[in-house]
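The values are calculated or read from the model by the stated rules, or taken from the named source; none is laboratory data. All figures in this text were calculated on a predicted structure; none of them were measured in a lab. No Cβ is skipped: glycine too gets one built from the backbone with ideal geometry, and neighbour counts run over all protein chains shown. These accessible areas exclude ligands, DNA and RNA; they are computed on the full protein's heavy atoms, side chains included. Shrake-Rupley method; radii C 1.70, N 1.55, O 1.52, S 1.80 Å.
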There are 2 protein chains.
Amino acid sequence: MIDQRLHVLRVLVELGTLTEVARRLGYTPSAVSHQLRSLSKDLGMPVVEQRGRGLVITRAGQLLLERSQELFTRWEEIRGELDGLGTGTRRRQLRLCGFSTAAATLLPPTAQRLAQRYPDSRVTIIEAEPEECFDLLLAEQADIAVVVATDPLPPRSDARFEQSALFSDRLDLLVPADHRLATRSAASLSEAAEEAWILDRPGSPYHRLVRTACAAAGFLPEKAHQSREWETGAALVSAGLGVALIPRLARLPEGFDVARVPLRGDPVPSRKILTGIRSGSAGQPLIAEALEVLAEVSAEVARREI
Amino acid sequence: MIDQRLHVLRVLVELGTLTEVARRLGYTPSAVSHQLRSLSKDLGMPVVEQRGRGLVITRAGQLLLERSQELFTRWEEIRGELDGLGTGTRRRQLRLCGFSTAAATLLPPTAQRLAQRYPDSRVTIIEAEPEECFDLLLAEQADIAVVVATDPLPPRSDARFEQSALFSDRLDLLVPADHRLATRSAASLSEAAEEAWILDRPGSPYHRLVRTACAAAGFLPEKAHQSREWETGAALVSAGLGVALIPRLARLPEGFDVARVPLRGDPVPSRKILTGIRSGSAGQPLIAEALEVLAEVSAEVARREI
DNA sequence: CACAATTGTGCAAAAATATTGCATGATCGA
DNA sequence: TCGATCATGCAATATTTTTGCACAATTGTG
């Protein structure tokens, strides 16, 4: 309902290059270029200008975007009120996106339950990197994002989104099956201070998360190996090459000689899972319902996994 | 920037019939019909329904319009901020509309002065009935309306418009040149209580205005004749058939044997002239400037005419 | 320092949308 | 009952948007 070209400009600022916008929005670069020009023409002032081989938003474009954020938000709200009216067909399509673990653990039961309650709704799951999740929200290719709080995300105050805590995913210590801590029903993170550690790649969000958790427990983990996937990490641990921290939500394949040891501490080492939506869209019945179901599912999963 | 179809719906509510909307907006009825249908389809619920041979807005449509009024307002404000930025071409077209007297007296000097200050601006004057003026604002075919307060206007609280008092147009008593009051420098309205009165047609805004003024002076005017145009009224008065009340702003052709007698009283009999703009548009430099110039011109005219 | 990769633009052609013209059905008022 | 008014539907048409290249500018790499 808000001019499509404003939306394009918004995504441009998010993604940086016109080509990327075209890719994401399913247009050709020419089309995006033309839209921006046409917007500039209508406003009587350029909204972007060429800088090097890229585009840079002008002061006017920035002002336009800042001010029109409210338009986007209000429209989502109106959309919700309209749907809430009950008359006619409410939105029936819902697209959930989340990082891999969420997409595997939280999202399928949510989709299933929603499909039961609203047989005519079509729930889609999109697996995407946490950063990309917000791009997807903005590009209106997803309606709800489930992400890990530690990632480089838009700040909570970003007016384009509403973020809220979903639940806290506790971290377990993953040790070889014959490790001295393997049979313990719980351990403190500091007990593993002297171990060789298997971490994610330096600079990655999970790497930072683990280092932060260790720092809180009073030590710096000695990095022995790097792994990106839980499975690789488990294999390394299984081979006796070190220990690792693994979120409880992450399921491991069978057949590794490893033990998960729950951690205690205050606060308990954990990663925070958030939901994100476009500002204003919380009023749309299907989205509101989905957020509730997500919370239910999260609570159940958390209970089951303890 | 706000969806064109929302605008069409808005004008439909104002004008009542689809055909009228088409006429006003310069479309064919088919096009308007199609737009409304397409809007309904996108929202998943009908915004209008057929009732008799006309269209009636649905509950959903009403809600939509109420809520989206803020979108229209905000957009006008943003538009103004953008223009105020100075970069690029600001709005250069300005359309003033007003009822006949205003269009003849106030608007031309305003247009002239604006054209001097902003040589690249194109100022257009549209003469229209006061009621129609607001339709023109809504249909974005005029930017500023100058109307008489007494007419059946949208209430001051109508969120679609911002109205503000421009000035007070004093009413003079028009009497034959040989009338006992003709040479008086001022008179009280009650002194004409026993005269035969020349009024506008019953039910017309000006008829009501005059009756109200007389009522405030403590009498009911005895209606002798009816005239719609000032010129006709002056001719009747000139012929000795009665007296009339005429706004000072209204210029009369030469050659009538009549005298204008200023009225005193508390309050002085007068009609209030208002300006109206679309909500939010006050921030647009050209509109703001035009409102100022209008006030200047009004003040000068008022001073000159006293 | 040349070269390959990447980025945005421009323009004619193609595709998608919006609009018209006219025929039709429904309703209202005389 | 008839004529006037109103909205709709559909095929034809006009308009707008999008694509498909070819091209120019910039970056950074080997």
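For segment B:206-218, a tally of residues being surrounded by 16 or more Cβ atoms within 10 Å (Cβ to Cβ) and assigned to a loop (DSSP other than H, G, I, E, B) returns 1. Inclusion of B:R113 among residues that are assigned to a helix (DSSP H, G or I), surrounded by 21 or more Cβ atoms within 10 Å (Cβ to Cβ) and more than 7 Å from every other protein chain (Cβ to nearest Cβ) is not warranted. The residues of segment B:75-91 that are at the interface with chain A (Cβ under 8 Å from one of its Cβ atoms) and either in a strand (DSSP E or B) or in contact with a strand residue (DSSP E or B) (Cβ under 9 Å, 6 or more places away or on another chain) (or both) amount to a single one, B:W75.
Taken together, the residues in segment B:258-273 that are open to solvent by 10 Å² or more (accessible area, probe 1.4 Å) and under 30 Å from B:E70 (Cβ atoms) amount to 1.
Of all residues in segment A:1-36, exactly one satisfies the criterion of being outside any helix (DSSP H, G or I), of a type outside the set (S, T, Y) and near DNA strand C (Cβ under 9 Å from one of its atoms), namely A:G16. Pairs meeting the criteria (first residue in segment A:28-39 and within 8 Å of DNA strand D (Cβ to nearest atom), second residue in a helix (DSSP H, G or I) and open to solvent by less than 30 Å² (accessible area, probe 1.4 Å), beta carbons under 7 Å, at least 6 apart or on different chains) are A:T28/A:A22; A:P29/A:A22; A:A31/A:A22; A:V32/A:V8; A:V32/A:V21; A:V32/A:A22; A:Q35/A:V8.
Residue by residue through segment B:37-56, note down the ones that are outside any loop (DSSP other than H, G, I, E, B) and either over 12 Å from B:T17 (Cβ atoms) or within 13 Å of chain A (Cβ to nearest Cβ) (or both). Once the filter is applied, which keeps residues that are outside any loop (DSSP other than H, G, I, E, B) and either over 12 Å from B:T17 (Cβ atoms) or within 13 Å of chain A (Cβ to nearest Cβ) (or both), segment B:37-56 yields B:R37, B:S38, B:L39, B:S40, B:K41, B:D42, B:L43, B:V48, B:E49.
For segment B:37-61, a tally of residues being in contact with an Asp or Glu (Cβ under 7 Å, 6 or more places away or on another chain) and away from DNA strand C (no atom under 12 Å from the Cβ) returns 1. Counting residues in segment A:83-95 that are open to solvent by 60 Å² or more (accessible area, probe 1.4 Å) and either within 16 Å of DNA strand D (Cβ to nearest atom) or at pLDDT 95 or above (or both) gives zero.
Does segment B:229-237 contain any residue that is over 25 Å from B:R303 (Cα atoms), under 23 Å from the mean Cα position of the chain (by Cα) and in a strand (DSSP E or B)? Within segment B:229-237, not a single residue is over 25 Å from B:R303 (Cα atoms), under 23 Å from the mean Cα position of the chain (by Cα) and in a strand (DSSP E or B).
Taken together, B:R303, B:R260, B:R208, B:R278 contain a single residue that is charged (D, E, K, R) and modelled with pLDDT under 90, which is B:R303.
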